[in-house]
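Heads up: the structure comes next, in structure tokens.
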Amino acid sequence: MTDPPPTEQPRSVLFACAHNAVRSPMAEGMLKYLLGKRIYVDSCGVMPAERDPFMVAAMAELGIELGRHKAKSFDELEDGSFDLIVTLSPEAHHKAVEMTRTMACAVEYWPTLDPTHAEGSRDVRLDAYRTVRDQLFARIKRRFGITGGPTV
């Protein structure tokens, strides 16, 4: 799947997944890291869960600190108006499409594997998180037309 060419950047982006514990906070942290405060970025989940220590460890390897991330639901968002919602799981996509029936907002679905299902040793599991992290990082850079900066 290819991303639309970056034209006018959205002023606000919401990343959403099932639990706001792994994929969406990773994406939020990456876009904030790459673009700073140039756009408003947030994340949420359909049913929030506790922050995942493997997610925190994988992101720390890039110098992105997410140890204080607090998962939240769509209903707990401080700002309910976004230019773009990027959904990373089927559950989040359905919820976002439902939300956008009453607001003008673009929704993009980026199906992203859930690394919490990986089994094996700590290293094997952490590698699954790194794979998801690296795929999201590359996609975010492509989608938002970000060149240069760190690579993974």
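The values are calculated or read from the model by the stated rules, or taken from the named source; none is laboratory data. If you're wondering where the values come from, they're calculated on a predicted model, not measured in any experiment. Note that we place each Cβ from the backbone using ideal geometry, even for glycine, and neighbour counts take in every protein chain shown.
Structure values in brief
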read-out: Residues of the stretch 38-76 that turn out to be of a type in the set (Val, Ile, Thr) and free of Cβ contacts under 8 Å to residues at least 24 places away in the same chain, as a count; value: 1
read-out: Failed item in (1) modelled with pLDDT under 95; (2) in contact with a strand residue (DSSP E or B) (Cβ under 9 Å, 6 or more places away or on another chain); (3) part of a loop (DSSP other than H, G, I, E, B), with LYS37 passing the rest; value: (2)
read-out: Among (1) at negative phi; (2) at pLDDT below 95; (3) of a type outside the set (A, V, I, L, M, F, W, C) - the single one HIS19 does not satisfy; value: (2)
read-out: Residue, farthest from ALA18 (Cα to Cα), within the stretch 102-134, restricted to residues that are outside any helix (DSSP H, G or I) and of a type in the set (Gly, Ala, Ser); value: SER121
read-out: Boolean, VAL97 is β-branched (Val, Ile, Thr), more than 16 Å from LEU14 (Cα to Cα) and in a helix (DSSP H, G or I); value: no
read-out: Residue check, GLU91 assigned to a helix (DSSP H, G or I), surrounded by fewer than 19 Cβ atoms within 10 Å (Cβ to Cβ) and out of contact with any strand residue (DSSP E or B) (no Cβ under 7 Å at 6 or more places or on another chain); value: yes
read-out: Top-ranked residue of the stretch 19-34 - restricted to ones that are out of contact with any strand residue (DSSP E or B) (no Cβ under 6 Å at 6 or more places or on another chain) and not aromatic (Phe, Trp, Tyr), ranked as surrounded by the fewest Cβ atoms within 10 Å (Cβ to Cβ); value: LEU34
read-out: Among the candidates VAL13, VAL107, residue that is farther than 23 Å from VAL124 by Cα, surrounded by 14 or more Cβ atoms within 10 Å (Cβ to Cβ), without any contact (Cβ under 8 Å) to a residue 24 or more places away in the chain and aliphatic (A, V, I, L, M); value: VAL107
read-out: Evaluation of GLY67 against (1) more than 15 Å from the chain's Cα centre (by Cα); (2) modelled with pLDDT of 95 or more; (3) among the small types (Gly, Ala, Ser) (one fails), failing number; value: (2)
read-out: Residue that is charged (D, E, K, R), under 19 Å from TYR33 (Cα atoms), out of contact with any helix residue (DSSP H, G or I) (no Cβ under 6 Å at 6 or more places or on another chain) and modelled with pLDDT of 95 or more, where the choices are GLU108, GLU61; value: GLU61
